[in-house]
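Before any comments, here is the structure.
The values are calculated or read from the model by the stated rules, or taken from the named source; none is laboratory data. From a predicted model like this one, the values you see are computed outputs, not experimental measurements. We place every Cβ from the backbone using ideal geometry, glycine too, and count neighbours over all the protein chains shown.
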Amino acid sequence: MSRNHPQASSSAPSRWEEQRGFDTLGRPLRDVTFCVVDLETTGGSAAAGSKITEVGAVKVRGGEVLGEFQTLVNPDEAIPAFISVLTGITDAMVVQAPRIDTVLPAFLEFARGCVLVAHNAPFDVGFLQHYARELGRPWPGFEVLDTARLARRVITKDDAPNCKLSSLARLFGAATTPDHRALHDARATVDVLHGLMARLGNLGVHTLEDLQEFSSRVTEAQRRKRHLAEGLPHAPGVYLFTDDAARVLYVGTSKDLRTRVRSYFTASETRSRMGEMIGIATAVRAVECATPLEARVRELRLIAQHKPRYNRRSRFPEKTHYVKLTREPWPRLSLVNKVLADDATYLGPFGSRRTAERCLDALHETFPLRQCTGRLPREPSRSPCVLAEMGRCLSPCDGSVDPATYDAVVTRVRTTLVADPTPVVEHLTARMAGFAADERFEEAGAHRDRLAALVRGASRTQRLVALTRCPELVAAHRGTDGRWAVHVVRHGRLAAAGVIPPGQDAHAYVASLRAGAETVRPAPGPVPAASAEESEAVLSWLETPGVRLVDVDGEWSCPVAGAARHLWIGEAGEQARAAAAPFEDARSLSPQHRPAR
């Protein structure tokens, strides 16, 4: 399982070496023992059930290899075919191999006292930590170094097209070509580590502490801007970074405004785009809030209002898509960007047109509604389309169906959208099973994605509609400090927030808060009187354990047979994609060109 190499005695420093200066304090890299590890697995997530199939590690110090560790691992399940193609590891190879409960203790003993190194360390170390927890073994306090993260700070596009292991191995002339076998990849990572160290040595990085801090080094621009946090309160709220023209650059929220803003000027802030933003910012404004929910809602509204260039999410809440079941003599399904007060049935909002199209495809796959555009008269006289000839449309355009029969299908579609998606779930599940039985896995996956889009979209709509149709809802939650936070929600929009002061009559305070709350008018259809993201933040708070309803005007409920009970389909799809993600681009590539994790 392990092969040890003799340690080279010539690498030991002289006892009487010259006294070191302050710039060399710390653990010199030449004296640190690294354990470079790589895993092969059946998928991309241990939490999703993926198993380890091979462990490879190389112990190295001062440029000398001290030992190697390699073993296959019996995963106690069949290895997916595309994983076998990628790694060359088959079921026959692992059937006699030890299981992880034997391999993990041996590896931990091999790596004891070392600094763990991996290329994309969260993947490999995450798997090891997961199985340590599963086996009830304490995880040693390993220091961890990620060569992928380090390379992203050192390697430029002129050096290599990306920071994959295969690209870096070519750049540094690694003696071993990575090929998705654990020991080979670990050996290649050793050469990459040494190559990175050589480059960083020219930048004054000579100790392990220097190496660990390199990727999170504070720039001079960050240090100079520390005064921007002075004067901010130690209170919950929203902060806004602005430039010299008072343009909002970034909006964030925190339970402690001053402490959070100060963190942008320390080594704890490692995001490169934030470093760029700090270099431009000239001021920070703060908006104190009574509760964390109010802060979250204000943050969303300010991002939507100012669309800050350094906020990646929530900038364009208006860019949404809906699936619409029209109200006309011969109703049809269509994609729209707005909800109108036209008594039609809407599903959404969807954050992307692609997701909305998948949902639409799921409905068309199940129900033979017409797919032609435009309005049809009550007695149309057109020629049938190709879909009609294929039996996928009832063909009202040529009089093939009477209004009563067509309306019955429309009613089933409307019920699917607002109450119970079971017909679509059953139909597409059967189709997926048929495709899988015929080994047409890509088509099965496409149907799974369509079904997941419908289930998630319907569940989201039903939750939003349940809150939106309540003219007013008042709820309270007792915090860890014993004080009650109260929120007034009207048609899905946060209208007021406050914390009951100590000693004040609770009923009087709530009545006062309601009296001063924002007046909110309902929006058309399922749309809340706020962005969907704001209403979902409110819903998340309302569903927090310990929240008590003070008063509800209207009815707050979701359908018993609603889409929420089918959400597992979307979760299963996400797990399947996560498991395939590290390998899907490599299935058709030759071993020497396969991308590394």
So, first residue under 16 Å from Ala290 (Cβ atoms) in region 465-489, second residue at pLDDT 90 or above and of a type in the set (Asp, Glu), Cβ within less than 9 Å, six or more apart or across chains; the pairs are Val474/Asp551; Val474/Asp553; Ala475/Asp551; Ala485/Glu294; His487/Glu294; Val488/Glu472; Val488/Glu518; Val489/Glu472
Of the residues in region 475-509, those that are in contact with a Pro (Cβ under 9 Å, 6 or more places away or on another chain), of a type in the set (Gly, Ala, Ser) and surrounded by 13 or more Cβ atoms within 10 Å (Cβ to Cβ) come to Ala485, Gly492
Just to verify a result, which residue in region 515-570, among those that are closer than 24 Å to Lys324 by Cβ and of a type in the set (D, E, K, R), is surrounded by the fewest Cβ atoms within 10 Å (Cβ to Cβ)?
Arg521
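Return yes or no: is Leu108 over 30 Å from Leu203 (Cβ atoms), assigned to a helix (DSSP H, G or I), touching a residue at least 24 places away in the same chain (Cβ under 8 Å) and under 27 Å from the mean Cα position of the chain (by Cα)? Before you say what the answer is, go through the steps one by one.
Numbers: over 30 Å from Leu203 (Cβ atoms): yes; assigned to a helix (DSSP H, G or I): yes; touching a residue at least 24 places away in the same chain (Cβ under 8 Å): yes; under 27 Å from the mean Cα position of the chain (by Cα): no.
The answer is no for Leu108.
Yes/no matrix, rows are residues, columns are (1) within 22 Å of Asp402 (Cβ to Cβ); (2) at pLDDT below 90; (3) among the hydrophobic types (A, V, I, L, M, F, W, C):
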| position | (1), (2), (3) |
| --- | --- |
| Arg296 | no, no, no |
| Glu299 | no, no, no |
| Leu302 | no, no, yes |
| Tyr310 | no, no, no |
| Phe316 | no, yes, yes |
| Leu333 | yes, no, yes |
| Leu340 | no, yes, yes |
| Gly348 | no, yes, no |
| Thr366 | yes, no, no |
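Only one of these is surrounded by 15 or more Cβ atoms within 10 Å (Cβ to Cβ), out of contact with any Ser or Thr (no Cβ under 8 Å at 6 or more places or on another chain) and outside the structural domain of Pro528 (by TED's automatic domain parsing): Thr326, Thr259, Thr253. Name it. Step through it out loud before you land on a result.
On the way: Thr326 fails: out of contact with any Ser or Thr (no Cβ under 8 Å at 6 or more places or on another chain); Thr259 fails: surrounded by 15 or more Cβ atoms within 10 Å (Cβ to Cβ).
Answer to the check: Thr253.
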Testing Ala132 on (1) over 15 Å from Gly43 (Cβ atoms); (2) surrounded by 15 or more Cβ atoms within 10 Å (Cβ to Cβ); (3) in contact (Cβ under 8 Å) with a residue 40 or more places away in the chain, one condition comes back false. Which one is that?
(3)
Qualifying positions in region 183-234 - modelled with pLDDT of 75 or more and either in contact with a Cys (Cβ under 8 Å, 6 or more places away or on another chain) or under 22 Å from Ala281 (Cα atoms) (or both):
Lys225, Arg226, His227, Leu228, Ala229, Glu230, Gly231, Leu232, Pro233, His234
I want to confirm something. Restricting to region 373-408 and keeping residues that are under 30 Å from Arg460 (Cβ atoms) and surrounded by fewer than 16 Cβ atoms within 10 Å (Cβ to Cβ), which single residue is modelled with the lowest pLDDT?
Gly374
Can you work out which of the residues in region 318-331 that are without any contact (Cβ under 8 Å) to a residue 40 or more places away in the chain and assigned to a strand (DSSP E or B) is farthest from Ala404 (Cα to Cα)?
His321
Residue satisfying condition, being of a type in the set (Gly, Ala, Ser) and in a helix (DSSP H, G or I), within set Ala458, Ala485:
Ala458
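For (1) under 27 Å from Phe316 (Cα atoms); (2) not assigned by TED's automatic domain parsing to the domain that holds Ala344, each residue gets a yes or a no:
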| residue | (1), (2) |
| --- | --- |
| Glu426 | no, no |
| Gly445 | no, no |
| Gln462 | yes, no |
| Gly482 | no, yes |
| Ala496 | yes, yes |
Do we find that Arg152 is assigned to a helix (DSSP H, G or I), of a type outside the set (A, V, I, L, M), in contact with a Cys (Cβ under 7 Å, 6 or more places away or on another chain) and under 30 Å from Glu209 (Cα atoms) in this structure?
yes
Among the residues of region 24-58, the number that are surrounded by 19 or more Cβ atoms within 10 Å (Cβ to Cβ) and assigned to a strand (DSSP E or B) is 15
Identify the single condition in (1) crowded, with 21+ Cβ neighbours inside 10 Å; (2) at pLDDT below 95 that Ala430 does not satisfy, given that it satisfies every other one.
(1)
Restricting the first residue to region 61-84 and requiring it to be under 14 Å from Pro98 (Cα atoms), which pairs with a second residue that is acidic (Asp, Glu) meet a Cβ separation below 7 Å and a spacing of at least six or different chains?
Leu72/Glu54; Val73/Glu54
Cβ-Cβ under 8 Å pairs, at least 6 apart or on other chains, region 383-400 side assigned to a loop (DSSP other than H, G, I, E, B), far side charged (D, E, K, R)
Ser383/Asp398; Pro384/Asp398; Cys393/Arg370; Leu394/Arg370; Ser395/Arg370; Gly399/Glu379
Give me the residue from region 256-285 that is under 11 Å from Tyr310 (Cβ atoms) and of a type in the set (A, V, I, L, M) and, out of that set, modelled with the highest pLDDT.
Ala281
Which residues, taken from region 440-467, are over 18 Å from Glu533 (Cβ atoms) and of a type outside the set (A, V, I, L, M, F, W, C)?
Arg440, Glu442, Glu443, Gly445, His447, Arg448, Asp449, Arg450
